[in-house]
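Engineer: Sharing a structure with you now.
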Amino acid sequence: MRYLTFALAKGRLAKKSMALFEKIGITCEEMKDPSTRKLIFTNEELGLRFFLAKPGDVPTYVEYGVADIGVVGKDTLLEEERNLYEVLDLKFGACRMCVCGPESAGELLKKNEIIRVASKYPNIAKNYFKNKKNQSVEIIKLNGSVELAPIVGLSDVIVDIVETGSTLKENGLQVLEEVCPLSARIVVNQVSLKMEHERIKKFLMDVNEALKAE
Ligand code: PRP
């Protein structure tokens, strides 16, 4: 039997995914070892293989077909714009993509002047300001701790993930506009969905049932 291969976003998302999959009989004992540095795991009995990848790379593995199925955040899917099928909302990892900044920056979003936007998600930021707001912006790509940018004057606002809101609050910033809600999604390679249709369909139906039972 050909392996059915999963690409999981390393970290919290992979752990939550495996906890959910356990409910439908998909297990991988060696992945539970907290000291392991392995990146590929298999369940020979079930013919399954799991990759642990950086979240931003999960859609790439799935688009190229080296993984049949991926679990990744909607933020990454929107940012990467890969050709794949998004088939299921797992609902966990729920948070929001928002435009944030100091209260005073709210005014800048109402006027049609060019503002500076810092983000780890330059495509999401660009698309939001171009397509939803029709506002010209200069995007500055950062790699993390994005809240720093408006505080030190690198940008007027940021486009970033807000979960509890405490990072914003502790840094004197606030949500100015909501871009979109986010959560973990299951994605499937377009060819795999045809070639492994029965196995993937059963997997998705089982996951759906487990989600309903929660
Ligand atoms: C994310 C995000 C915010 C923060 C939001 O950052 O970019 O900074 O979490 O969470 P909160 O609303 O619950 O405070 P992450 O922790 O991934 O680190 P990073 O800033 O280095 O990207």
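Engineer: Say whether the condition of being at pLDDT 95 or above, over 17 Å from ALA105 (Cα atoms), of a type in the set (A, V, I, L, M) and in contact with a strand residue (DSSP E or B) (Cβ under 8 Å, 6 or more places away or on another chain) is met by at least one residue in the range 132-141.
Structural biologist: For the range 132-141, residues at pLDDT 95 or above, over 17 Å from ALA105 (Cα atoms), of a type in the set (A, V, I, L, M) and in contact with a strand residue (DSSP E or B) (Cβ under 8 Å, 6 or more places away or on another chain): absent.
Engineer: Inside the range 35-77, counting only strands (runs of 3 or more DSSP E) that do not spill past its ends, which hold 2 or more residues that are more than 14 Å from the chain's Cα centre (by Cα) and more than 28 Å from MET97 (Cβ to Cβ)? Outline the logic, then answer.
Structural biologist: Working: elements: 40-43, 48-53, 69-73.
Qualifying strands (runs of 3 or more DSSP E): 40-43, 48-53.
Engineer: Got a number for residues in the range 19-68 being polar (S, T, N, Q) and touching a strand residue (DSSP E or B) at 6+ places or on another chain (Cβ under 6 Å)?
Structural biologist: 1
Engineer: Just checking, does the range 169-190 include any residue being within 14 Å of the ligand (Cβ to nearest atom), more than 19 Å from the chain's Cα centre (by Cα) and free of Cβ contacts under 8 Å to residues at least 24 places away in the same chain?
Structural biologist: Yes, the conditions are met somewhere in the range 169-190.
Engineer: Looking at VAL99, VAL87, VAL159, VAL146 in this structure, which one is among the β-branched types (Val, Ile, Thr), away from the ligand (no atom under 16 Å from the Cβ) and within 24 Å of GLY56 (Cα to Cα)?
Structural biologist: Result: VAL87 is the single residue among VAL99, VAL87, VAL159, VAL146 that is among the β-branched types (Val, Ile, Thr), away from the ligand (no atom under 16 Å from the Cβ) and within 24 Å of GLY56 (Cα to Cα).
Engineer: Pick from LYS132, LYS126, LYS141, LYS110: which is under 20 Å from the mean Cα position of the chain (by Cα), away from the ligand (no atom under 16 Å from the Cβ) and surrounded by fewer than 16 Cβ atoms within 10 Å (Cβ to Cβ)?
Structural biologist: Working: LYS132 fails: under 20 Å from the mean Cα position of the chain (by Cα); LYS141 fails: away from the ligand (no atom under 16 Å from the Cβ); LYS110 fails: under 20 Å from the mean Cα position of the chain (by Cα).
Exactly one residue qualifies, and that residue is LYS126.
Engineer: Residues in the range 184-209 that are exposed (fewer than 15 other Cβ atoms within 10 Å of the Cβ) and either within 21 Å of THR60 (Cα to Cα) or hydrophobic (A, V, I, L, M, F, W, C) (or both): how many?
Structural biologist: The total comes to 6.
The values are calculated or read from the model by the stated rules, or taken from the named source; none is laboratory data. For clarity, every value in this text was computed on a predicted model and none was experimentally measured. All Cβ positions, even for glycine, are placed from backbone atoms using ideal geometry, and neighbour counts span all protein chains on display.
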